[in-house]
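Before any comments, here is the structure.
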Amino acid sequence: MTSRVDSELEELLALGDRIIALATRSSSASGAGGITVAECMLRSGAELSARVRLDKPELVEEAAHRSAGLRVMKGKQVATTSTSDLTEAGIQRFVADALELVELSQPDPFAGPADPLGLIDASSAPELDLFDPKGGNVDAAQAIAIARVAERAAREFDARISNSDGATFSRTSGGAAIVLSSGFRGAYKGSYQSLSVVPLAEDEGGKKRRGYYWTAKRFLDDLEDPKRVGEEAARRTLRKLGAKSVATGEFPVVFDPDAARAILGMLAGCVMGSSIWRKSSYLLDREGTRIASDLVTIVDDPLLPRAPGSRPYDGEGLTSRKNIVVDKGVLRTYLCDSYSARKLSRESTGNAARGGSAGVSCSTSNFILSPGTDSNADIIRGTKRGLYVTEMMGFGFNAVTGDFSRGAGGFWIENGELTYPVSEVTISLNVDELWKRIDAVGSDLDLRTATASPTFRVAKMTIAGGLAPT
């Protein structure tokens, strides 16, 4: 991709070349015998976050960063290190640390770089439209103004909005480069910005009800209008007034996209190759078997333009590809980097992520539950009696057994309509059964985050409320 990168990325690539050359040259000169692999990860960028509360700026944070990470291998010995000191002395010390650490590390029979035959030619990598210079140029004054419009819209929406936890506008942008001793050189830029509003209303007895709404995209102009974000946040706060518990029993549960995304995220961890070889997933030895309803198709797709998890290649320089993880309820593949693939006697699926120290691990890209044809309203109308979940609290998931239990809030559904707000209930069901009981999948997929799901309904879950069963 070097033919398409700008001067910032060219500088990162040039620095990566120097670090790789220094690591291999210093290793030979030391007589320590032979670094066999050197891999460098470089990042630069800037972040800004501005929060407004009660129409006044409360917090402005802005920072820029440049860093380098290095992974070196001597046979099957591996070491990683990182630095933000990119002076000449800092780089010399950083490389020397890596060479010293690798001598102390224990051999790992599965260690090694990615298969060089799978490395992409970075100059022909797909252009995914991941960087918006307009978003990166938003300054503190503009960020405060955007947040102020959103919060003011929430507070003016209804007199019952009595307070606010504020509105926050954040943006981040920057570049990432990978240089490998195998010859791979690649770099690209990305951006992301978000706006959130958290109004408060006072319920009976003085209890505070907090709601929120948010928007996030890679491109600034793709964000929802700040006034609408504030108004929707207020609307979602007000509809929580008068919340109460429900009777304990087994009922259908409808998850809105935010709650559904949390359920999908639990599954993402369980299909990682690293979880499988560690035997820390309830999906161990389940490839080719049914793990969900036939309405469930889940993909990991890094090639979607402007999507938050997209990337032209993975953290090891391997070609990005779409993986169908679950196909109409059947588990088709685990997601692997090269290391976990070796542990499982298979090939990488192009799902490596490289951290700041240049270490590699399994990761999803855009992990998506494919949308169905029913609208959110259709699914609610089709539910005679049950719970519509808009938020979950706490953490109650055992990845080994699949046991799941979390606090939840939302609305009670009666005869296909949302009737009253619900709080202080617990929902539970083993997730192996949860995915199999999905009997409706919505069409309302929104790629605000890299793990994304539309609305879906589980035919029956246990709801533990504070009222006696009816």
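Output the qualifying pairs, or none if there are none: Cβ atoms under 7 angstrom, residues six or more apart or on different chains, first residue in region 346-357 and touching a residue at least 12 places away in the same chain (Cβ under 8 Å), second residue outside any strand (DSSP E or B) and aliphatic (A, V, I, L, M).
As it stands, the answer is Glu347/Ala341; Ser348/Ala114; Ser348/Ala341, since those pairs meet every condition given.
Mind listing just one residue for me: the one in region 97-131 that is aliphatic (A, V, I, L, M) and within 21 Å of Pro302 (Cα to Cα) and, of those, nearest to the chain's Cα centre (by Cα)?
So the residue we want is Leu130.
Does Gly269 satisfy being modelled with pLDDT of 95 or more and either surrounded by fewer than 22 Cβ atoms within 10 Å (Cβ to Cβ) or within 23 Å of the chain's Cα centre (by Cα) (or both)?
yes
Within region 306-324, identify whether any single residue is of a type outside the set (S, T, N, Q), touching a residue at least 40 places away in the same chain (Cβ under 8 Å) and surrounded by fewer than 18 Cβ atoms within 10 Å (Cβ to Cβ), and answer yes or no.
Checked region 306-324: at least one residue is of a type outside the set (S, T, N, Q), touching a residue at least 40 places away in the same chain (Cβ under 8 Å) and surrounded by fewer than 18 Cβ atoms within 10 Å (Cβ to Cβ).
Would you call Arg228 within 18 Å of Asn366 (Cβ to Cβ) and assigned to a helix (DSSP H, G or I)?
Considered against the rule, which asks whether it is within 18 Å of Asn366 (Cβ to Cβ) and assigned to a helix (DSSP H, G or I), Arg228 comes out as no.
In the set Leu117, Leu54, Leu42, which member is surrounded by fewer than 21 Cβ atoms within 10 Å (Cβ to Cβ) and at pLDDT 95 or above?
Leu54 is the lone residue from the list that is surrounded by fewer than 21 Cβ atoms within 10 Å (Cβ to Cβ) and at pLDDT 95 or above.
What residue, of Gly166, Gly205, Gly175, is touching a residue at least 40 places away in the same chain (Cβ under 8 Å) and farther than 21 Å from Ala46 by Cβ?
None of the others qualify; the one that does is Gly166.
Which of the following residues is among the acidic types (Asp, Glu), more than 30 Å from Val72 (Cα to Cα) and touching a helix residue (DSSP H, G or I) at 6+ places or on another chain (Cβ under 9 Å): Asp374, Asp337, Asp403?
Asp403
Go through the residues of region 393-404 one by one and say whether even a single one is among the aromatic types (Phe, Trp, Tyr), over 30 Å from Glu39 (Cα atoms) and out of contact with any Phe, Trp or Tyr (no Cβ under 6 Å at 6 or more places or on another chain).
Yes, because at least one residue in region 393-404 is among the aromatic types (Phe, Trp, Tyr), over 30 Å from Glu39 (Cα atoms) and out of contact with any Phe, Trp or Tyr (no Cβ under 6 Å at 6 or more places or on another chain).
Output yes when any residue across region 262-274 is among the hydroxyl-bearing types (Ser, Thr, Tyr) and under 25 Å from Phe456 (Cβ atoms), and no when none is.
no
From the list Thr419, Thr426, pick out the single residue that is free of Cβ contacts under 8 Å to residues at least 60 places away in the same chain, within 17 Å of Glu250 (Cβ to Cβ), in the same structural domain as Thr383 (by TED's automatic domain parsing) and not in a loop (DSSP other than H, G, I, E, B).
Only one candidate qualifies: Thr426.
Taking Ala21 as the residue in question, decide whether it is in a helix (DSSP H, G or I) and surrounded by fewer than 14 Cβ atoms within 10 Å (Cβ to Cβ).
When the stated conditions are applied, Ala21 does not pass them.
Tell me which residues, restricted to region 337-356, are touching a Cys at 6+ places or on another chain (Cβ under 8 Å), within 19 Å of Ser280 (Cα to Cα) and surrounded by fewer than 24 Cβ atoms within 10 Å (Cβ to Cβ).
Those that are touching a Cys at 6+ places or on another chain (Cβ under 8 Å), within 19 Å of Ser280 (Cα to Cα) and surrounded by fewer than 24 Cβ atoms within 10 Å (Cβ to Cβ): Leu344, Arg346.
Can you name the residue in region 342-395 that is basic (Lys, Arg) and outside any loop (DSSP other than H, G, I, E, B) and is also nearest to Pro308 (Cα to Cα) among such residues?
Arg354
If you check Lys279 against the conditions, is it more than 19 Å from Asn430 (Cβ to Cβ) and either crowded, with 20+ Cβ neighbours inside 10 Å or not hydroxyl-bearing (Ser, Thr, Tyr) (or both)?
In short, no.
Yes/no per residue for (1) surrounded by fewer than 18 Cβ atoms within 10 Å (Cβ to Cβ); (2) among the β-branched types (Val, Ile, Thr); (3) within 19 Å of Gly465 (Cβ to Cβ); (4) not assigned by TED's automatic domain parsing to the domain that holds Pro454:
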position	(1), (2), (3), (4)
Lys207	yes, no, yes, yes
Ala216	no, no, no, yes
Asp221	yes, no, no, yes
Asp225	yes, no, no, yes
Phe251	no, no, yes, no
Phe255	no, no, yes, no
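Going through region 372-389 one residue at a time, which ones are within 23 Å of Asn430 (Cα to Cα) and surrounded by fewer than 21 Cβ atoms within 10 Å (Cβ to Cβ)?
Scanning region 372-389 gives a single hit, Arg385.
State whether one or more residues within region 277-298 are in contact (Cβ under 8 Å) with a residue 24 or more places away in the chain and assigned to a helix (DSSP H, G or I).
Scanning region 277-298 turns up at least one residue that is in contact (Cβ under 8 Å) with a residue 24 or more places away in the chain and assigned to a helix (DSSP H, G or I).
Out of (1) free of Cβ contacts under 8 Å to residues at least 12 places away in the same chain; (2) in a strand (DSSP E or B), the odd one out for Ala216 is which?
Answer for Ala216: the failing condition is (1).
Anything in region 326-341 that is hydroxyl-bearing (Ser, Thr, Tyr), assigned to a loop (DSSP other than H, G, I, E, B) and touching a Gly at 6+ places or on another chain (Cβ under 7 Å)? List them, or say none.
Tyr334
Any chance you could count how many residues in region 429-441 are part of a strand (DSSP E or B) and farther than 14 Å from Ser293 by Cα?
Result for region 429-441: 0.
Sort out which residues of region 374-414 are in contact (Cβ under 8 Å) with a residue 40 or more places away in the chain and of a type in the set (Ser, Thr, Tyr), and write them in order of number.
Across region 374-414, the qualifying residues are Ser375, Thr383, Tyr388, Thr390, Thr401.
Under the condition of being exposed (fewer than 15 other Cβ atoms within 10 Å of the Cβ) and in contact (Cβ under 8 Å) with a residue 40 or more places away in the chain, which residue from region 83-109 is nearest to Val37 (Cα to Cα)?
Going through the qualifying residues, I end up with Glu103.
Kindly evaluate Gly69 against the criterion of being under 28 Å from the mean Cα position of the chain (by Cα) and either closer than 17 Å to Leu13 by Cα or assigned to a strand (DSSP E or B) (or both).
Yes.
The values are calculated or read from the model by the stated rules, or taken from the named source; none is laboratory data. The shown structure was predicted, so the numbers you read here are calculated from the model rather than taken from an experiment. For neighbour counting, all protein chains shown are included, and Cβ atoms are generated from backbone atoms with ideal geometry for every residue, glycine included.
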